[in-house]
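For reference, the structure discussed in these notes is given below.
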Amino acid sequence: MTEREDSKITWITCPDCGAKIGVVLSVGKAAPGIAPAMAETPSMIPPAGVEQRLAAAGVDLTLVDVEEGDEIVTVRPKKFLGDLWGPVNEAIRSVGGGWIRDGRESRWEIRTENMT
């Protein structure tokens, strides 16, 4: 069976612009050419460093400064986050961090033992 006969392309037409869109549906098979180990989603592979863990949790690293210490990782907002504070707080809490309210020195702290 050739590759062309093996693939099942269903063509649909976009109702807005009229463009033809080819859709390939496959259930229960890995895509050809991808090894089973490579088929894992990136979220299943634990990130190595602190910044990678924060980014994987959904923290936009352009909004915060990360300082790694021996026992504590300190994450400070670079500016007033406003409505973005809630999502950043939830993401940092998901990796074991907590908000420390200290006026202009407010920050998140994550114990390194919680990140392993």
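Here's a check for you: in the stretch 49-63, which residue that is of a type in the set (Val, Ile, Thr) and touching a helix residue (DSSP H, G or I) at 6+ places or on another chain (Cβ under 7 Å) is surrounded by the fewest Cβ atoms within 10 Å (Cβ to Cβ)?
Filtering the stretch 49-63 for residues that are of a type in the set (Val, Ile, Thr) and touching a helix residue (DSSP H, G or I) at 6+ places or on another chain (Cβ under 7 Å), the one surrounded by the fewest Cβ atoms within 10 Å (Cβ to Cβ) comes out as Val50.
Looking only at the stretch 94-104, which residues are of a type outside the set (Gly, Ala, Ser), at pLDDT 90 or above and closer than 16 Å to Leu54 by Cβ?
Across the stretch 94-104, the qualifying residue is only Trp99.
Going by what's in this entry, would Ala37 be described as within 20 Å of the chain's Cα centre (by Cα), modelled with pLDDT under 85 and on the phi < 0 side of the Ramachandran plot?
yes
The values are calculated or read from the model by the stated rules, or taken from the named source; none is laboratory data. This is a predicted model, so every value here is computed, not measured. All Cβ positions, glycine included, derive from the backbone under ideal geometry; neighbour counts span all protein chains shown.
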